[in-house]
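K.L.:
Got a structure here, written out as C-alpha cells. Questions coming.
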Amino acid sequence: MKELTNEEIILSGLAGNVETGLESKKKDAQVSKLGASMFRKQMIERIPQLPATMQKNLKDDRAQISDKEYFVIRELTGTSTDVIKKNEKSEAGLRNIDDAELGENQFFLLSAICLQYRSGNTGRFDELFPDFLANAVFTFKLGTREIMSKNPVDMFQSPVFGYNNHKDFGIIVLNNPKLLIPKKTIAFDIEDAPASMSGYVKLKLIGTEVKSY
C-alpha cells in the first residue's frame, strides 16, 4: 500500500474549489487515496473538519495520521458497569486512555467498536457472551450526546435486522464514523442486565488518529 505524503493527505480531504494550479495535484492525491485503508480514507475525507491549525500541522509535517485502537479491560459487577471511567489514568495491560478523553493535540475518527468477553481474570477474550451480558444493553456517549443508546449488547455478536451481516466477531462497524475531539468525555456503559454480571470485558475503539507533535 502506498503511503500518502502530507500534501496528498491535505489535498485528498479538500472539498469544493481549490486554488488555481492545484486541481491536477488534487486529482493525483484522490487517486493515491485509493491505496489507503478503508478507515484511513474515512479520516482523509474529514480533514476539512479538523481545526485549521491541525491541518497546517499536517501540511508542515508536524502532525501525522496513524491507525489507532483505544482499549479498556473492565470487570463486570452488578447489573450495570461503566466500562470507561473518568479519573483513571492509562495502565499497562488494562487501558491506554487517560481520564476518559483524548489529549489536547489528538483527534480520533471512530470507525468501529469491539466488545469481547472472558469469564476468568486471565486468558484471551474469546468467549461467547453469557445470557446476563447478551441480554443487557449498552450506551455510548461523547460528552452529553448519546451516539448509541440502549442497544442490545448481543449486537456485538449477532447481526440485528440485517445490520452488520458480514462482520468480524465482536465488532460493530459504524455506518457513520464519529470524529472524537480533545477534552470531550467518552463513556460506554453496560446497563439493565437481567442478573448480576461477572467476568471481564475488553472494549476496543478502532479507527484513525491525527496527532500533532
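The values are calculated or read from the model by the stated rules, or taken from the named source; none is laboratory data. Note that the structure is predicted; figures quoted are calculated from it, not measured. Every residue, glycine as well, gets a Cβ built from its backbone with ideal geometry; the counts of neighbours run over all protein chains shown.
K.L.:
Just to be sure before I move on: is THR122 β-branched (Val, Ile, Thr), out of contact with any strand residue (DSSP E or B) (no Cβ under 6 Å at 6 or more places or on another chain) and over 29 Å from GLN106 (Cβ atoms) in the structure I sent? Don't jump to the end; show me each part of the working.
P.N.:
Values: β-branched (Val, Ile, Thr): yes; out of contact with any strand residue (DSSP E or B) (no Cβ under 6 Å at 6 or more places or on another chain): yes; over 29 Å from GLN106 (Cβ atoms): yes.
When the stated conditions are applied, THR122 passes them.
K.L.:
I'd like the residue in segment 83-122 that is of a type in the set (Asp, Glu) and within 23 Å of PHE39 (Cα to Cα) and, out of all such residues, is surrounded by the fewest Cβ atoms within 10 Å (Cβ to Cβ). Explain how you work it out, then say what you get.
P.N.:
Step one: list which residues in segment 83-122 are of a type in the set (Asp, Glu), which gives 88, 91, 98-99, 101, 104.
Subsequent filtering for residues that are within 23 Å of PHE39 (Cα to Cα) retains 101, 104.
Values: GLU101: 19, GLU104: 8.
Result: GLU104.
K.L.:
Among the residues of segment 174-192, are any surrounded by 18 or more Cβ atoms within 10 Å (Cβ to Cβ) and among the polar types (S, T, N, Q)?
P.N.:
No, every residue in segment 174-192 fails to be surrounded by 18 or more Cβ atoms within 10 Å (Cβ to Cβ) and among the polar types (S, T, N, Q).
K.L.:
Among the residues of segment 99-153, what is the count of those that are farther than 30 Å from MET54 by Cβ and β-branched (Val, Ile, Thr)?
P.N.:
Qualifying residue count, segment 99-153: 3.
K.L.:
Another question, then. Within segment 65-82, how many residues are in contact with a helix residue (DSSP H, G or I) (Cβ under 9 Å, 6 or more places away or on another chain), assigned to a strand (DSSP E or B) and surrounded by 14 or more Cβ atoms within 10 Å (Cβ to Cβ)?
P.N.:
1
K.L.:
For the structure I just gave you, tell me whether LEU179 is outside any loop (DSSP other than H, G, I, E, B), closer than 19 Å to GLN42 by Cα, assigned by TED's automatic domain parsing to the domain that holds GLU88 and at pLDDT 90 or above. Working first, answer last.
P.N.:
Working: outside any loop (DSSP other than H, G, I, E, B): yes; closer than 19 Å to GLN42 by Cα: yes; assigned by TED's automatic domain parsing to the domain that holds GLU88: yes; at pLDDT 90 or above: yes.
So LEU179 fits the description; yes.
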